[in-house]
Amino acid sequence: MASLLGRFCRKLVVPGSAHGSRMTSTTACGSETVKSLNLYSAINQALHIALETDPRSYVFGEDVGFGGVFRCTTGLAERFGKNRVFNTPLCEQGIVGFGIGLAAMGNRAVVEIQFADYIYPAFDQIVNEAAKFRYRSGNQFNCGGLTIRAPYGAVGHGGHYHSQSPEAFFCHVPGIKVVIPRSPREAKGLLLSSIRDPNPVVFFEPKWLYRQAVEEVPEHDYMIPLSQAEVIREGSDITLVGWGAQLTVMEQACLDAEKEGISCELIDLKTLLPWDKETVEASVKKTGRLLISHEAPITGGFGAEISATILERCFLKLEAPVSRVCGLDTPFPLVFEPFYMPTKNKASSSSSLSSPSKNTHFLIHGFSRLL
Amino acid sequence: MHIRQGTTCTCRPSNPLPTNIVKDATSFLHMAMLFARSRNLVSSLRQNLGLSAILIKRNHSSPRPVFTNYQLSSRVFLDPSTSFRHESTAVETQPDLVQQSDHEDDAQELDFPGGKVGYTSEMKFIPESSSRRIPCYRVLNEHGKIISDRDFIPVSEKLAVRMYEQMATLQVMDHIFYEAQRQGRISFYLTSVGEEAINIASAAALSPEDVVLPQYREPGVLLWRGFTLEEFANQCFGNKADYGKGRQMPIHYGSNQHNYFTVSSPIATQLPQAAGVGYALKMEKKNACAVTFIGDGGTSEGDFHAGLNFAAVMEAPVVFICRNNGWAISTHISEQFRSDGIVVKGQAYGIRSIRVDGNDALAVYSAVRSAREMAVTEQRPVLIEAMTYRVGHHSTSDDSTKYREADEIQYWKMSRNPVNRFKKWVEDNGWWSEEDESKLRSSTRKQLLQAIQAAEKWEKQPLTELFNDVYDVKTKNLEEQEVGLKALVEKQPQDYPTGFHI
């Protein structure tokens, strides 16, 4: 029950331009047809387009043949054949290694890791091989055609091994890109960009949003640029930065703060590596406050990188310490999930958001009050 | 028992294989059932071959099958219009592993996912090892004489001489680069001493279109394909001419022009990649396969399992060559695995495999050539275990006398030397003389010394190459870091090595 309530605020049904919010993707719609799709359908559409537009592209992983455990690969095997869309043995290091080999021969390999929690056996192939393939060969070889997709993040009942957010591990690896979409429309455009980007990309899909998020998604082939953050809600008092499903939580926190008269600027980072520092920097120089939020545990999370960078660039403009509202430093718990998660209450209580007076200096991080 | 491998060029009837072939007969029957276009063929097989009888009887007096196992197993049998081209693919059975039963009702089969399997009321464990180790295919004896005329692919004078020259060149190259490291001129080196036959003969058996994914002890393959001594030296010195742009340690060669993937230090990572490469070639319908190398130690890595399993399931044309040289740095193979080496692992993945004398250049040539043909024409992986010995230390960072007897090293270096063995055969044919020998050795040595001197004098890589190729296009953070570093180096040049132009 608690988890249901806790989840209620996370359901994202996009009504359009309510609240001046641009939670929906801002790709130009114009006269193209759109369709109301959830996240897994949008991803499915992107995969159909990717395979259609490049005959040398492949989709494979565990159980992708029948449509995948999250239905992201529905219809692909039937349409493009089992030579291009196929199940693999249950072996993540093999899946990624095989994908690297295919990509090194000039193909696009869109591989699926069934849950981000299971990506670690492939960590060696990703870090030591894929990320360094071009650099170590002096650009004689590359595996840029490799894209690794994995569902990540809390789902309400996932526990240790179906809820993890491992993005921070990968953001520490020069040579790969890390991309996380926030909604169906974003996911389709970002996935197509990731697949077509000439560098290996790790693409984390917020599994919570696979069904929960519904949005008008253009049916045509479009791409959203990587390494470009987006201000999805404009404001003047504080900057909030996040990615993936957490943005829906943060948006609720923004709405609550607005009732208190605090104007929040919300930024979707989209690409974590390499990340768009300029957009965040410009925003913080305007607002003077920064709050970062992610589901992954706070210690060593990617929020630390953003915090340190913004501190370097915006120190004299900051009116309060950078706030991080994140998961606790525990393995992702089952029954305690509502307590672990960085909910909107935690965001709202954080020092940055609770009292925005420009003359007051905050000594206590809001988050520590909750420990 | 004699392994029939045949050659790729001639047609010869196989020797009759033992009739206690229950396991293989059953699997061949499965294949027949899969491929057969009608049930009639299956029932006629059962009748003609008395297979039902074989399934239930243990004794060896069953009638000799009308068709050999090889014939049953290959599509040739089922399509009478094709020739016996693939005779070389004859597969040796392993009777020790066969489960036999002697009950009437065992003629029935159980239906499980994965197909039908016979059952037995006798509880019998498959032994952990065969009573006999898988024998090793060889062509030349230790004195360089051909043992049997019948089971190898002939090598012309031209090819043989080239093979010998390259083996000797590899020896000289190893010696001189090793010394260069000892003199402090390069930072690191590792030799292939003792494994020259594997290096050169395997390369000679491949086509230039075959994509090679090495571990790190196979520079001879690159040498064969035309990488020059200067190019080797440039990589070792990491100078401006190094194709790798000075980013990796010495011996981490790579050349897209020669279809030789860049060496990376992690062990066995190339194996699942080779499966992907093979699959790519299959999809492109190329007359080429992936060829990948691994040592005995590397077969313990998870990527070995991943690579072989993927290649088998995906039916990818890959030749896996394992150099079983007895040592993984200081770890002897007795501490690496408990199986009969690596060859027995092939069948566990459904992969055809052979054990070959890795110090016999002609045997390696024949085996690799045959394996390559199988991989390409049948679109399947093949595993070769080449038995050899690592005469040199693991690398210049190792002193192997600390963990093995000097006598052992000496024995392999002198009495079991693959280069000398092949040399004897080439000389016996009148294709090589002592004069040729000294000419080759001295000119190669000279060329190498010149290559090293030239490589040393080459300019260093420009500093910007530190930041290129991380991505296809330099990212903002890298641009900023480059600007910062250049400013720092300009400000305090005394703290940095010279020669790296900004």
Do we have any residue at all in region B:237-260 that's assigned to a helix (DSSP H, G or I), crowded, with 20+ Cβ neighbours inside 10 Å, more than 17 Å from the chain's Cα centre (by Cα) and away from every other protein chain (no Cβ under 13 Å)?
yes
Could you count how many residues in region B:412-439 are in a helix (DSSP H, G or I) and under 28 Å from the mean Cα position of the chain (by Cα)?
13
Qualifying residue in region B:459-479 (condition: acidic (D, E), in a helix (DSSP H, G or I) and away from every other protein chain (no Cβ under 14 Å))
no
The residue from B:L440, B:L448, B:L463 that alone is within 25 Å of B:P497 (Cα to Cα), among the aliphatic types (A, V, I, L, M) and surrounded by 13 or more Cβ atoms within 10 Å (Cβ to Cβ) is B:L463
Residues of region B:361-390 being among the acidic types (D, E) and touching a helix residue (DSSP H, G or I) at 6+ places or on another chain (Cβ under 6 Å), which ones?
B:E385
Within region B:276-298, is even one residue more than 10 Å from chain A (Cβ to nearest Cβ), open to solvent by 20 Å² or more (accessible area, probe 1.4 Å), closer than 21 Å to A:V127 by Cα and not in a loop (DSSP other than H, G, I, E, B)?
no
By residue number, the members of region B:306-331 that are open to solvent by 10 Å² or more (accessible area, probe 1.4 Å), within 14 Å of chain A (Cβ to nearest Cβ), touching a residue at least 12 places away in the same chain (Cβ under 8 Å) and not small (G, A, S) are B:N309, B:M314, B:E315
Does B:S265 meet the test of being within 30 Å of B:G184 (Cβ to Cβ) and open to solvent by 10 Å² or more (accessible area, probe 1.4 Å)?
yes
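Right, B:K457: closer than 30 Å to B:G246 by Cα, touching a Ser or Thr at 6+ places or on another chain (Cβ under 9 Å) and open to solvent by 60 Å² or more (accessible area, probe 1.4 Å) or not?
No, not satisfied.
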Looking only at residues in region B:261-275 that are assigned to a loop (DSSP other than H, G, I, E, B) and facing chain A (nearest Cβ under 7 Å), which one is nearest to A:Q93 (Cα to Cα)?
B:T269
Take residues that are facing chain B (nearest Cβ under 9 Å), in contact with a Cys (Cβ under 7 Å, 6 or more places away or on another chain) and small (G, A, S) and tell me which of the helices (runs of 4 or more DSSP H) falling wholly in region A:59-152 contain 2 or more.
A:92-104
Subset of region B:222-245, residues in contact with a strand residue (DSSP E or B) (Cβ under 7 Å, 6 or more places away or on another chain) and farther than 14 Å from B:D174 by Cα, comes to B:R225, B:F227, B:N239, B:K240, B:Y243
Residues to consider are B:V483, B:V489; find the one that is open to solvent by 70 Å² or more (accessible area, probe 1.4 Å), part of a helix (DSSP H, G or I) and hydrophobic (A, V, I, L, M, F, W, C).
B:V483
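The values are calculated or read from the model by the stated rules, or taken from the named source; none is laboratory data. If you're wondering where the values come from, they're calculated on a predicted model, not measured in any experiment. As a convention, Cβ positions derive from the backbone with ideal geometry for all residues, glycine included, and neighbour counts pool all protein chains shown. Areas reflect the complete protein model, heavy atoms only, side chains present, ligands, DNA and RNA absent. Shrake-Rupley method; radii C 1.70, N 1.55, O 1.52, S 1.80 Å.
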